[in-house]
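Enquirer: Could you have a look at this structure, given as C-alpha cells, before my questions?
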Amino acid sequence: MSDQPRRPRKPGKPYRRPQKDPVRFLAFEALRAVDERDAYANLVLPPLLRKAREKEGPEKFDARDAALATELVYGTLRRQGTYDAIIADCVDRPLREVDPPVLDVLSLGVHQLLGTRIPTHAAVSASVELARVVLGDGRAKFVNAVLRKVARDDLDGWLERVAPPYDEDPEDHLAVVHSHPRWVVSALWDSLGGGRAGIEELLAADNERPEVTLVARPGRATAGELLDEEAAVPGRWSPYAVRLSEGGEPGAVEAVRENRAGVQDEGSQLVALALANAPLEGPDRRWLDGCAGPGGKAALLGALAAERGAFLLASEKQPHRAGLVARALDGNPGPYQVIAADGTRPAWRPGSFDRVLVDVPCTGLGALRRRPEARWRRRPEDLDGFAPLQRGLLRGALEAVRIGGVVGYATCSPHLAETRAVVADVLKQFPGAELLDARPLLPGVPDLGEGPDVQLWPHLHGTDAMYLALVRRTA
C-alpha cells in the first residue's frame, strides 16, 4: 500500500447517474435510423412505438407518450433546415463538424424550445439528460450551452436573425423560414406559377401534419361504414374517402383489418377515379396498373373494375413490391392478376387494354408532408435519373392501350420536369394520341387551373401534390 496520502475530493454535487426518458430516447433512436440507414420515419417509427407499447413498467408507452414521440420525430425532421440555421448561429464551428448524434440531440431540443409548448426549463433539462444518456457528460455540457443560447429568443426572433430578408433573396428567405432546400423552393414556385402568397401557403402546408385518410373499397366497404368509427369525418372530394381526426388509429378500424378498406391519400384516390371514369370509345373490359406498387391505387382500381365486370392486371417491377400489391388486392371481388414485370419491357401484347394507369417513380416532392426527410435527400440531379424511366413508362402505356382507350399518367411530384415536360415530350414522339381534359372527372374539386391536366396541392386541396394527365390513343 502506498504511503502517499489520498487526495481529498473536490467539493461539489455528488455524481448522479443520468435518467433515461423513454419518449425522448425513442425519438433519438428514430432520428439516428433516418440519418444512419437512410430510413424513412414513417417506416421506422411505428415498430418502435409498437415495441414501446408492449413493454411493462415505467418504459411502457401510453397514447400521450406515443403522440409526443411522434411530434418530436416529425417536427424535428420537418423543421431541420430552420433548426440547422439556428444551431449554426449558436456554435463556434461549421455545422458539418458537429457529430451527427450531437446534432440530433440539439435538433430535438430546439424543436421542443421553438416548436412545442414544452416549458423552456423542461425542454433544456430533458435534452441535456438525453445527451448524458446517449452522448456522455462531456458533450452534454455542450448541448446545455447551445440550448441555453437558443432559449434566449422565440422562433420569430430567430428567423429575423438567421433568414436573409425576402427583398434581398426571396428563395433563400423562404428556404430558411419554411425549412425546404432552396432548389425545392424554386421548383415548387415555378410549378405554382409565381406569387408570394401561394408559395408561402404551400411551404407552410408541407410542414403540417397530414391527416390519415381511409378509402372504402367499392363493393366491399362504404364510406358510411367507416364514418361510424370514432374520430371519423367525411373526405373532401372522393366519395370513398373518410378522414381520421387526430388520434384516430387505422389499425383499429375493422374494415381496414379485413382489407375491405385501406389508408390512401385523397389525391391518390382522385387519380384512380378519374382514370376509371374517363370516357372511352369501345369496350371496357381490361384495365392495367403498370406501376402498381405498393398497391393502394391498384386496390381501388380493382374494386371499381369488379363493379363493371372488368379484369385488372396489376404489374410491378420489383417482386417484393408486387407482393405488397397482391396483399392489397387480396379479397377483391372481381378478376385480377398481379405480376412482377417491367412496364418499359411489356409482358403483354400492344393494344391489350382499355384503360392504363402509370403512377411513375419520381422524386416524391408532392408528399413532403408524409416523408419530410425526403426533402433533404433529394438533389436536382435526381431528376435526370428519373426522366428516361418516366418517359419510357408513358410510352409503354400508350403502346399497351388500344385505339380509343385512355392512359392516365400520374406522379406524386409537382416538378414540371416530371409532369408536363414528360407528357409533352412523349406526345411529340407519339402523334396518335391526344390529351383529354381531366378537370371534369374531378367533380367539385376547385382550383384545378387551366387544364387539360390536373395538379393537386396540399394548401389548396388538402391532398398530396398529385399530378394527372389523361391521354386517349387515337391511332
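Bear in mind these aren't lab numbers, they're just calculated from the coordinates by the rules spelled out. Worth saying up front: this structure is predicted, and the values here are computed from it rather than measured. Reconstructed Cβ throughout: ideal geometry from the backbone, glycine too, with neighbour counts over all protein chains shown.
Enquirer: Between residue 43 and residue 252, what length in nm is gained on full extension when 0.36 nm per residue of separation is reduced by their alpha carbon distance?
Expert: Extra length available between residue 43 and residue 252 comes to 73.4 nm.
Enquirer: Over region 366-475, calculate the relative contact order: mean separation of alpha carbon pairs under 8 Å at least 6 apart, over the residue count, as a percent. Could the numbers behind the result be given before it?
Expert: On the way: 159 pairs, mean separation 37.2, N = 110.
Reported as a whole number, the value is 34 percent.
Enquirer: Report, in debye and to the nearest 20, how large the dipole of region 324-475 comes out about its Cα centre when Lys and Arg carry +1 and Asp and Glu carry -1 on their Cβ.
Expert: 240
Enquirer: If you don't mind, there's one more thing I want to ask. So if I place +1 on the C-beta of Lys and Arg and -1 on the C-beta of Asp and Glu, and nothing else carries charge, what would the dipole magnitude of region 296-360 be about its Cα centre? I want it in debye, nearest 20.
Expert: On the way: 8 positive and 6 negative charges, 25 e Å.
The dipole of region 296-360 has a size of about 120 debye.
Enquirer: Given region 230-296, what whole percent of its Cα pairs are spread farther than 17 Å?
Expert: Working: 1184 of 2211 pairs.
For region 230-296, the fraction of Cα-Cα distances above 17 Å is 54 percent.
Enquirer: Cα centroid distance between region 216-261 and region 405-475, in Å?
Expert: Value for the Cα centre distance between the two parts: 27 Å.
Enquirer: Against the longest alpha carbon principal axis of the chain, how many degrees, from 0 to 90 and to the nearest 10, is the axis of helix 382-400 turned?
Expert: Helix 382-400 sits at roughly 20 degrees to that axis.
Enquirer: Next question, about the same structure. For the ranges 160-166, 172-178, what's the packing order if you count other beta-carbon atoms within 10 Å of each residue, average per peptide, and put the highest first?
Expert: Working: 160-166: 13.7, 172-178: 21.1.
The packing order, highest mean first, is 172-178, 160-166.
Enquirer: Then there is this: Under a 5 Å amide H to amide H cut-off, with H placed in plane at 1.01 Å, what residues pair with residue 336 once short-range neighbours are removed?
Expert: Here 312 satisfy the definition.
Enquirer: Taking the inverse of the average 1/r across all pairs of different Cα atoms in region 99-244, what Kirkwood radius in Å do you get?
Expert: It is 18.8 Å.
Enquirer: Let me ask another. Measuring from centroid to centroid over Cα atoms, what is the spacing of region 291-359 and region 266-281 in Å?
Expert: 15
Enquirer: Also, I was wondering about something else. Using the per-residue mean of other Cβ atoms lying within 10 Å as a proxy for protection, in what order, highest first, do the peptides 271-277, 303-309, 390-396, 428-434 fall?
Expert: On the way: 271-277: 24.3, 303-309: 18.7, 390-396: 21.4, 428-434: 12.6.
The most tightly packed comes first, giving 271-277, 390-396, 303-309, 428-434.
Enquirer: Something else now. State the answer as a single residue: which of 180, 256, 235 lies farthest towards the positive end of the charge dipole of region 121-277, with beta carbon charges of +1 for Lys and Arg and -1 for Asp and Glu, about the Cα centre.
Expert: 256
Enquirer: Taking Cα pairs under 8 Å and at least six residues apart, what relative contact order does the chain come out at, in percent? Kindly include the intermediate steps, with their values, before the conclusion.
Expert: Values: 834 pairs, mean separation 54.1, N = 475.
Computed over the chain, the figure is 11 percent.
Enquirer: In addition: Give the total of Lys-Lys pairs in the chain with Cα-Cα distances below 30 Å; include a pair only if its members are 8 or more places apart or on different chains.
Expert: So the count works out to 16.
Enquirer: Could you run the Karplus curve 6.51 cos²θ - 1.76 cosθ + 1.60 with θ = phi - 60° over region 109-115 and give me ³J(HN,Hα) per residue in whole Hz, x for Gly and Pro?
Expert: Ordered by residue, 3J(HN,Hα) equals x, 5, 5, 5, 6, 10, x Hz.
Enquirer: Kirkwood hydrodynamic radius of region 407-468 from all distinct Cα pairs, in Å?
Expert: Values: mean 1/r = 0.0813 Å⁻¹.
So the Kirkwood estimate lands at 12.3 Å.
Enquirer: Using unit Cβ charges (K, R positive; D, E negative) and no other charged atoms, how large, in debye to the nearest 20, is the dipole of the chain about its Cα centre? Intermediate values should be presented prior to the final figure.
Expert: On the way: 63 positive and 67 negative charges, 345 e Å.
In total the dipole reaches around 1660 debye.
Enquirer: For region 170-324, take every pair of Cα atoms, bin their distances at 10 Å starting from 0, and report each bin as a whole percent.
Expert: Computed distribution, short to long bins: 10, 30, 28, 24, 8, 0.
Enquirer: Something else now. If I stretch the segment between residue 35 and residue 149 completely, what's the gain in nm (0.36 nm per residue apart, minus their alpha carbon distance), one decimal? Write down the numbers at each step before the final one.
Expert: On the way: separation 114, 0.36 × 114 = 41.04 nm, distance 2.53 nm.
Difference between extended and current length: 38.5 nm.
Enquirer: Here is a further query. How big is the equivalent ellipsoid of region 32-135 along its three axes, where each semi-axis is √(5λ) from the Cα gyration tensor, reported in whole Å from largest to smallest? Walk me through the numbers on the way to the answer.
Expert: On the way: eigenvalues 116, 53, 34 Å².
Gyration-tensor ellipsoid for region 32-135: 24, 16, 13 Å.
Enquirer: Taking the inverse of the average 1/r across all pairs of different Cα atoms in region 278-394, what Kirkwood radius in Å do you get?
Expert: Details: mean 1/r = 0.0655 Å⁻¹.
Over region 278-394, the inverse of the mean reciprocal pair distance is 15.3 Å.
Enquirer: Where the convex hull is taken over the Cα atoms of region 251-331, what is its projected area averaged over directions, in nm²? Let's see the in-between values first.
Expert: On the way: hull surface 22.6 nm².
Projected over every direction and averaged, the Cα hull of region 251-331 covers 5.7 nm².
Enquirer: Would you tally the net charge around residue 260, using a Cβ to Cβ cut-off of less than 11 Å, leaving residue 260 out, and scoring K and R as +1, D and E as -1? Walk me through the intermediate numbers first.
Expert: Working: positive: 217, 220, 257; negative: 225, 254, 258, 330.
Summing Lys and Arg as +1 and Asp and Glu as -1 gives -1.
Enquirer: Please report, for the Cα atoms of region 341-424, the Rg to one decimal and the Dmax as a whole number; what are they, in angstrom?
Expert: Final numbers for Rg and Dmax: 14.0, 43 Å.
Enquirer: How much of the pair distance distribution for the chain lies past 41 Å, counting alpha-carbon pairs only, in percent? Spell out each step's value before the answer.
Expert: Numbers: 30070 of 112575 pairs.
It works out to 27 percent of all Cα pairs.
Enquirer: Just to check I understand the Karplus step: with θ = phi - 60° and J = 6.51 cos²θ - 1.76 cosθ + 1.60, what whole-Hz values come out for region 403-419, glycine and proline as x?
Expert: Computed from phi, the couplings for region 403-419 are 4, x, x, 10, 10, x, 9, 10, 7, 8, 8, x, 4, 4, 5, 9, 10 Hz.
Enquirer: Could you check the spin-label model distance between residue 450 and residue 208? Points 7 Å from the Cα along Cα→Cβ, value in nm.
Expert: Each label point is offset 7 Å from its Cα along the Cβ direction, giving 2.8 nm.
Enquirer: Report, to two decimal places, the Cα Rg of region 161-251 normalised by 2.2 N^0.38 Å (N = number of residues).
Expert: On the way: Rg = 18.7 Å, N = 91, 2.2 N^0.38 = 12.2 Å.
Rounded to two decimals, the normalised Rg is 1.53.
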